[in-house]
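Notes to accompany the following structure.
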Amino acid sequence: MLVNIETIEFIASVYRNHQVPEPHLSEIAFFGRSNVGKSTLLNTLTGKKLARISSTPGKTQCLNYYRVNGGFYLVDAPGYGYAKVPEKLKLAWKRFIDEWITGNDRLKLVIQIIDARLEPQKSDLQMAEWLNYHRIPSALVVNKIDKLSHSQRQKNLKQLGESEVYSKMNLIPASAQSGEGKREILSAISKHL
């Protein structure tokens, strides 16, 4: 059955593991490089303008928890791979996120978002390999797919599906702007709750 988002509310911004909100509910997390459209996609999925959107990469600097239907959380994560963030801050985020993901039995699915217009970046591949290594259930959302011609879209999706890193992930073409892929993303979420 497809999850229907009837109610959603912002609960907390989490900077440390001990700040994770109560009650402990199932969690679905959204990860991707800075400016790939994580917050916009989250807003499209929910039909609400909850997640702050910025043209400045690296705006989300914590885990933002949103409670859906009172029964589970959607978690908007900081973007990875943004070079202008100080190295010390990058390392602190990485340590926090690594601990949060690997020590979190409430985390049911990681939705990794990449930009359809670009080849997967080194940080995208590292994230997918890390998720695979730790056997974290994950799906790959190829966002901004509407920006490609039909032939380029087919070529890019075929290459991603055949790549060793992404072959084990559910591949979902999407557009945060048009809403394409929304049903498929909600279906992936439903299967993991």
Looking only at residues that are without any contact (Cβ under 8 Å) to a residue 12 or more places away in the chain and not in a loop (DSSP other than H, G, I, E, B) in the range 2-22, which one is surrounded by the most Cβ atoms within 10 Å (Cβ to Cβ)? 19
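Against the condition of a type outside the set (A, V, I, L, M) and not in a strand (DSSP E or B), how does residue 108 come out, does it pass?
no
Every residue, every condition in (1) in contact with a Ser or Thr (Cβ under 9 Å, 6 or more places away or on another chain); (2) aliphatic (A, V, I, L, M); (3) within 30 Å of residue 105 (Cβ to Cβ); (4) part of a helix (DSSP H, G or I), yes or no:
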{"site": "125", "(1), (2), (3), (4)": "yes, yes, yes, yes"}
{"site": "128", "(1), (2), (3), (4)": "yes, yes, yes, yes"}
{"site": "131", "(1), (2), (3), (4)": "yes, yes, yes, yes"}
{"site": "141", "(1), (2), (3), (4)": "no, yes, yes, no"}
{"site": "146", "(1), (2), (3), (4)": "yes, no, no, yes"}
{"site": "151", "(1), (2), (3), (4)": "no, no, no, yes"}
{"site": "156", "(1), (2), (3), (4)": "no, no, no, yes"}
{"site": "175", "(1), (2), (3), (4)": "yes, no, no, no"}
Quick one: is residue 107 buried (at least 20 other Cβ atoms within 10 Å of the Cβ), under 20 Å from residue 189 (Cα atoms) and of a type in the set (A, V, I, L, M, F, W, C)? no
One residue is enough: does the range 112-124 have a residue meeting the conditions touching an Asp or Glu at 6+ places or on another chain (Cβ under 6 Å) and more than 17 Å from residue 24 (Cα to Cα)? yes
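The numbers here are math on the coordinates, done by the rules we state, and not lab data. Because the structure is predicted, anything quoted here is derived from the model rather than measured. When we count neighbours, we look across all protein chains shown, and the Cβ atoms used for this are built from the backbone with ideal geometry, even at glycine.
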